[in-house]
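Notes follow the structure.
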Amino acid sequence: MSILNDISENLQRGKAKVVKELVQQAIDQGIPAQQILDEGLLSGMNVVGEKFKNNEVFVPEVLVAARAMNMGASLLKPLLAESGLKASGRVCIGTVKGDLHDIGKNLVKMMMEGKGLEVIDLGTDVAPETFVETAQKENCSVICCSALLTTTMGVMGDVVKAAEAAGIRDHVKIMVGGAPVTEAFCQQINADKYTPDAATAADVAVELCK
């Protein structure tokens with residue numbers, strides 16, 4: 001449908017107000033909320049995610065597109081709740097204790113929401129216990145840890161240990177990422193997945209939530 005294409009294209013350009021108006025028009029036309037979400041907002045965000053992966057767009061464009069998506073999604077949320085739509089999975093994300101960087105984390109969160117996951121954002125400077133308690137309380141399938149400093153990445157190992165101590169390691173996966181983090185480090189601390197960029201992180205999280 002052309003209006004859904006319009007939503008997708010305006011979202012890619014980051015035109016939040018236009019996206020919001022178009023979403024409202026689509027709702028008024030009786031297009032199901034799930035279809036507007038999938039074929040309008042999410043399809044647009046997927047294009048942005050792919051372009052970001054290929055270095056065709058950069059962080060500012062992604063942030064603007066994500067803002068447009070959030071504005072459109074805010075109109076759909078009550079309708080989706082009525083129809084009993086379940087998110088495709090639940091994830092908690094945060095930057096580890098001692099680290100206050102959040103741009104990367106926010107980007108990952110937006111990409112994950114763009115894939116239809118429900119994301120609980122714990123912010124920055126998050127203690128290992130907080131990740132584990134949130135995962136238990138909110139029934140999360142995945143814990144995502146971000147670190148931008150070599151001095152804080154070790155805390156990710158503490159998150160894995162805390163999850164083991166709490167007995168949730170068999171059903172909660174732990175993903176790690178951030179500039180200094182590597183695949184080797186991920187294996188060393190026994191985390192489940194390392195991803196080099198936000199778009200890949202979102203794809204992996206969707207798989208893990210299955």
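Here are the numbers for this structure:
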{"quantity": "Largest to smallest accessible area among Phe52, Phe131, Phe58 [probe 1.4 Å]", "calculated": "Phe58, Phe52, Phe131"}
{"quantity": "Helix runs (DSSP H) in the chain reaching 24 Å along axis by Cα, Kyte-Doolittle at least 0.0", "calculated": "59-82"}
{"quantity": "Sulfur and carbon atoms: percent of accessible area, the range 118-210 [1.4 Å]", "calculated": "47 percent"}
{"quantity": "Rounded to the nearest 20 debye, dipole of the range 143-210 from Cβ charges on Lys, Arg, Asp, Glu", "calculated": "120 debye"}
{"quantity": "Inter-centroid distance (Cα atoms) of the range 89-119 relative to the range 160-208, Å", "calculated": "13 Å"}
{"quantity": "Anisotropy class of the range 1-144 from Cα gyration tensor, a/c 1.5 cut", "calculated": "oblate"}
{"quantity": "Accessible solvent surface per residue of the chain, calculated while the other protein chains remain in place, 1.4 angstrom probe, Å²", "calculated": "47 Å²"}
{"quantity": "Heavy-atom accessible surface of the range 1-105: percent carbon and sulfur, 1.4 Å", "calculated": "54 percent"}
{"quantity": "Normalised contact order of the chain, rounded percent, pairs of Cα under 8 Å and 6 or more residues apart", "calculated": "19 percent"}
{"quantity": "Volume of the Cα convex hull of the range 1-46, divided per residue and given in Å³", "calculated": "51 Å³"}
{"quantity": "Surrounding net charge for Val57, when Lys and Arg each add one and Asp and Glu each subtract one, Cβ distance under 11 Å", "calculated": "0"}
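The values are calculated or read from the model by the stated rules, or taken from the named source; none is laboratory data. Note that the structure is predicted; figures quoted are calculated from it, not measured. Reconstructed Cβ throughout: ideal geometry from the backbone, glycine too, with neighbour counts over all protein chains shown. Side chains are part of the model used for accessible areas, which takes the heavy atoms of the whole protein and leaves out ligands, DNA and RNA. Shrake-Rupley method; radii C 1.70, N 1.55, O 1.52, S 1.80 Å.
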